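See structure below.
The values are calculated or read from the model by the stated rules, or taken from the named source; none is laboratory data. All figures in this text were calculated on a predicted structure; none of them were measured in a lab. FYI the Cβ positions are ideal-geometry reconstructions off the backbone, even for glycines, and counts take in every protein chain you see. The area values use the complete protein model at the heavy-atom level, side chains included, leaving out ligands, DNA and RNA. Shrake-Rupley method; radii C 1.70, N 1.55, O 1.52, S 1.80 Å.
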Amino acid sequence: MLKPNWSFLKKIAVIVGVSLLFEGLQFIFAIGASDITDFMGNTLGGIMGVGVYIVFCKLFSTKANKILNVLASIGTICIVALLLLLI
């Protein structure tokens, strides 16, 4: 969303790098468990997110960011409400 002029592979490279950085930091600082399946899951989730964004841009052209922001806001409100109910 922040770099629409980047190629798909460049966006994926950033996602892979950030996932690898997080897993590496977990291993170095012994926080949680560092695992290859976490890395693969994070990377696959990022690829799916970029894919969904590309589909939304093709379907809704200029309003894609606004629609995704509204959906993300609704999801955040639902999660916060659920957490408040659990407390």
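Taking the conditions exactly as written (on the phi > 0 side of the Ramachandran plot and hydrophobic (A, V, I, L, M, F, W, C)), does Ala64 satisfy them or not? So Ala64 fails the test. For first residues located in the range 48-60 and farther than 22 Å from Ala13 by Cβ, partners that are among the acidic types (Asp, Glu) and open to solvent by 40 Å² or more (accessible area, probe 1.4 Å) and lie 6+ apart or on another chain with Cβ distances below 7 Å do not occur.
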